[in-house]
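Everything below concerns the one structure shown next.
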Amino acid sequence: MYLCPLIIHLYMGTDKITEQPSRFDHLEQMSVVELLRHINEEDCRVADSVRRAIPQVEALVKAVEQRMKEGGRLFYIGAGTSGRLGVLDASELPPTFGVPDTKVIGIIAGGDEALRHAVERAEDISEQGWKDLQVHHPTALDTVLGIAASGTTPYVIGAVKRASENGLLTGCITSNPNTPLAKAVDFPIETIVGPEFLTGSSRMKSGTAQKMVLNMISTTLMIRMGRVQGNRMVNMQLTNAKLVDRGTRMLQDMLGLSYEEAQQRLLEAGSVNSACSPKRKK
C-alpha cells in the first residue's frame, strides 16, 4: 500500500521530542569511553526531568491512594519497553511489600510473550488494551496508568479512553508534551527528557524516566498503605537466605533479641511485621 510523504510524516511523529535527532552524531566513530561518557551525560538529564514532574506524580498518587484504601487496584498498561517496565514494577511489589499480586498488575501489548520477544503490531490495535483489562474485571475503584514514551501508542490510548468511559481513574507517563495520551487521562505525567542518545531509542532516557517514576509511585503508595515501618520493608516475603538474614537483623534491632532468637521468631511468624505484632511480644 502506498503512503504519501505527509501521512508517513504524521504517522512516524517526526515532530515528537522522542523522535528528534540525537545531540551526538557519528557514534560509530567514537571510542568506548566517549560513548559511555556521552550516554552518562544524557542520563544525567533524566533526574531533572523527573523532578520537574513531581507535582504531577503527587496528584496521581494522592488520587490512587484514596481508591486503593477502598479496595481499588492499580493497572500499568503499555507496549514494548514501556509495557515491560510496568510489568517489572508490578512484579516486584509482592516480594518487597508482601501485597497480593492482584493489587498492582502490569499488562503489556502482546501478552507475556512480549516480555522477551517483540510481538509485531500488537501496540497498533487500539481496542486490545481494554480487552486485555477485561480479564481482571476492572471496577470504578481501579486506576489505569498508561505508559508510552511517545504518547501516541494506540493500544494504550484505547485502553485509558475506555477505562475513563467506564468510570476508572486514569493516568499516564509520557516523554512528549501535550500528547493524545496525556489529553485522554485524568492525571498525565510528562517527563520531558529530550532527544535520545541513539535517535528514537526510547528504551534509554525515556525508559529510565519511566522506571524512576514507577518506583516513586509504587513505593510511595506502599508506604502510605502501611507496608513499611520506619524505613524497613517489614512485610517482605522471605523467599531466600538473604531476605531471611535481613529480616532477622531487623528484628534484632527492633526487639533486642539475639540473632538465633530473632530468626526463630521470624520464621515462625512469616514476616518481620507479624513477628513484631503485640500478640507475639513476650
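The values are calculated or read from the model by the stated rules, or taken from the named source; none is laboratory data. A quick note: this is a predicted structure, and the numbers were derived from the prediction, not measured. Cβ atoms come from the backbone with ideal geometry, glycine included; neighbour counts cover every protein chain shown. Just the protein is used for accessible areas: all its heavy atoms, side chains included, with ligands, DNA and RNA removed. Shrake-Rupley method; radii C 1.70, N 1.55, O 1.52, S 1.80 Å.
For the chain, carbon and sulfur atoms together expose 53% of the accessible surface, with a 1.4 angstrom probe and every protein chain in place. Return the distance in nm (one decimal) between the two label points of a simple spin-label model at residue 127 and residue 101, each offset 7 Å from Cα along Cα→Cβ. Modelled inter-label distance: 3.0 nm. Here the peptides 224-232, 156-164 are ranked by packing, the mean other Cβ count within 10 Å, and the order with the highest first is 156-164, 224-232. Full extension of the chain segment joining residue 54 with residue 164 gains 37.3 nm, where the gain is 0.36 nm per residue of separation less the Cα-Cα distance. Which pairs break 22 Å Cα to Cα here: 103/183; 69/161; 62/183; 62/211; 62/103? The answer is 103/183; 69/161.
Under 5 Å from the amide H of residue 229 lie the amide H atoms of 234, each residue being 5 or more positions distant or on a separate chain, with H modelled from the backbone and absent for Pro and chain starts. When each of the peptides 137-150, 193-206 is scored by the mean number of other C-beta atoms lying within 10 Å of its residues, the order from highest to lowest reads 137-150, 193-206. Alpha-carbon geometry of segment 84-139: the Rg and the Dmax are 12.4, 36 Å, given in that order. Computing FRET efficiency as 1/(1 + (r/R0)^6) for residue 259 and residue 135, where r is the C-beta to C-beta distance and R0 is 41 Å, gives about 0.35.
In this structure segment 1-149 gives 58 Å² per residue of accessible area when probed at 1.4 Å with all protein chains present. Scanning the chain for DSSP H helices at least 20 Å long along the axis (C-alpha atoms) with a Kyte-Doolittle mean no lower than 0.5 picks out nothing.
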